[in-house]
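Structure first, then comments.
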Amino acid sequence: MAIKSLDVQSLNIPFKQAFVHASAVRAMTETVLVTVTNGDGVQGIGEGCPRRYVTGETIDSIRDFIETHREQCMTFRSVQEVKQWVAEYASIIDQNPAACCAVETACLDLFGKEAGLPIEALLGLPSLSSQFQYSAILGTDNLQSFEKQLQRYRSVGFTDFKVKVTGRLQDDIDKLDRLHSSKDSKLQVRLDANNLWSDVESALSYLRTLPGRITAIEEPLKVGDYDGGRLLVRELNIPIILDESFLRVDQFALIQSDLPSTWIINIRVSKMGGILRSLAVAKRAKEIGIPIIIGAQVGETSVLTRAALTVANSYRDIVVAQEGAFGTYLLEHDICEPVLMLGAGGGLAPEALALKPGLGLSLRSV
């Protein structure tokens, strides 16, 4: 059925507490909601999170992209037409991935609802099954706040943690000391430096001082410093997680000759340009043996949380961690029903979504 309208609006949902890391401080969401509606009033919803420091996008650039491509996108009638558009306009989408993500996800949701099929069945992928396990995220707050947050996570059974590095050495030592003090053999800790260091020597000096066992370090150097990353891996014997430094499938050419244990790719659906492009990255990663993290932009609503489940479910065997699903733990409110958010120990059970058409979400008043 023809798409009768394609609308875009920004979402400004306050956080319950500010989220801090080395690249930004956020007090509310910076995200865009796209809705597509057919002649029967059936609505598909999509979301994109622009990040100037990751892809160069802004709320305004997403609006501009959608205005430019609105008429063409409203001609879509099938998944195949969306796939053709994503392939044909790859170079433009490379510059506007969050915008593409919002439009693509909304169309796939609509087509799934029209066909009465979950998005996985629509795309020929495995049905959602078994629990998804999420990581705890510890930001760069002061030590007192860090300890309270850590205690809450530990009290409900979290064992997998991502810790934001501040660049304040004693602060980071104190926080990691607190984290490792439990002596829990199941504890998994990775660091996120958000491109903190400009050279390998500075990064090595800092990281070697930190206590406890670290399983991986995310974006320690400038964006795209693959050679520096290789040196760090050689010296520290832990993999580098590529986030801002890996946005699209053609970047495998820069890393595929390395040992697979050198890298982990953080797949954030909005950053990658949508579900289809995320699946392509995960597929190639599996082919060459590189593990992945299914990541999230801070402030995502349940729309992107749901979209990420499609990718995580299809490539469970190479997923080493999953991030996000904070829902109303972080947001003052969500825009969807049901609200998708992690539970005790970081688990999220997908059974309620497995048979629902499209994304399986309904939109509340925004």
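Treating segment 127-285 as a set of equal point scatterers at the Cα positions, no solvent, please give the Debye-formula log₁₀ I(q)/I(0) at q = 0.10, 0.15, 0.19 Å⁻¹. Rounded to two decimals, the profile gives -0.40, -0.88, -1.26. Stokes-Einstein diffusion of segment 303-347 at 37 °C, 0.692 mPa s viscosity, Kirkwood radius from Cα pairs, rounded to a whole number: 286 µm²/s. Working note: Cα gyration tensor of segment 1-150, eigenvalues times five, square-rooted, sorted largest first, giving semi-axes of 32, 20, 14 Å. Compared with the rule-of-thumb size 2.2 N^0.38 Å for a compact globular protein, segment 191-304 has a Cα radius of gyration ratio of 1.06. Over the chain, dividing the summed -39,500 (n - 2.57) contributions of all DSSP H runs of at least 4 residues by the number of residues returns a 222 nm mean residue ellipticity of -10500 deg cm²/dmol. For the residue pairs Lys83/Lys356; Lys16/Lys186; Lys175/Lys286, alpha carbon separations beyond 32 Å are given by Lys175/Lys286.
Of Gln84, Gln188, Gln297, the residue with the greatest mean-square motion in the GNM of the chain, using alpha carbon springs below 10 Å, is Gln84. When +1 charges are put on Lys and Arg Cβ atoms and -1 charges on Asp and Glu Cβ atoms, the dipole computed for segment 176-244 relative to its Cα centre reaches about 440 debye. Simple point charges give the picture: +1 on the Cβ of Lys and Arg, -1 on the Cβ of Asp and Glu, and for segment 268-366 a dipole about the Cα centre of about 400 debye. Segment 223-282 and segment 156-217 have Cα centres separated by 20 Å.
Going by alpha carbons, how many degrees (0 to 90, nearest 10) lie between the helix axis of 59-73 and the longest principal axis of the chain? Once rounded, one gets 40 degrees.
Given their separation in residues at 0.36 nm each and the Cα-Cα distance between them, Asp64 and Asn12 gain 16.9 nm when the chain is fully extended. Projecting the Cα atoms of Leu279, Ile265, Val320 onto the charge dipole of segment 249-327 (Cβ charges, centred on the Cα centre) puts Leu279 farthest toward the positive pole. Between Asp250 and Lys186, what FRET efficiency follows from the Cβ-Cβ distance if R0 is 35 Å, with the result rounded to 0.05? Plugging the Cβ-Cβ distance into 1/(1 + (r/R0)^6) gives 0.40.
Convert 20 °C to kelvin, take the viscosity as 1.002 mPa s, use the Kirkwood radius over C-alpha pairs of the chain as Rh, and evaluate the Stokes-Einstein diffusion coefficient in µm²/s, rounded to a whole number. Rounded to a whole number, D works out at 103 µm²/s. Taking every alpha-carbon pair in segment 89-137 and binning the separations at 5 Å intervals from zero gives 5, 17, 15, 15, 19, 19, 8, 1 percent. Ordering of 95-102, 50-57 by packing is 95-102, 50-57, highest average first (other Cβ atoms within 10 Å, averaged per residue).
Using the Cα centre of segment 94-209 as origin and beta-carbon charges of +1 (Lys, Arg) and -1 (Asp, Glu), tell me which of Ser185, Ser198, Thr105 is placed farthest towards the positive end of the dipole. Towards the positive end, the residue furthest out is Ser185. On the chain, 49 percent of the accessible area sits on carbon and sulfur atoms, based on a 1.4 Å probe. Note on the chain: dipole from Cβ charges, positive end direction compared against Gly289, Ala216, Gly345; the farthest Cα belongs to Gly345.
Comparing Val319, Val298, Val156 in a Gaussian network model of the chain where C-alpha atoms under 10 Å apart are linked, the largest mean-square fluctuation is found at Val156.
Using a Förster distance of 45 angstrom, determine the FRET efficiency expected from the C-beta separation of Lys148 and Asp227, and round it to 0.05. E(calc), rounded to 0.05, equals 0.65. Taking every protein chain into account, the accessible area of the chain amounts to 40 square angstrom per residue (probe 1.4 Å). Multiplying the residue separation of Ser198 and Ala2 by 0.36 nm and removing their Cα-Cα distance gives an extension gain of 65.5 nm.
The values are calculated or read from the model by the stated rules, or taken from the named source; none is laboratory data. These figures come from a predicted structure and were not determined experimentally. In this analysis, Cβ positions are derived from the backbone assuming ideal geometry, glycine residues included, and neighbour counts consider all displayed protein chains. Remember, those area values only see protein heavy atoms, side chains included, never the ligands or the DNA or RNA. Shrake-Rupley method; radii C 1.70, N 1.55, O 1.52, S 1.80 Å.
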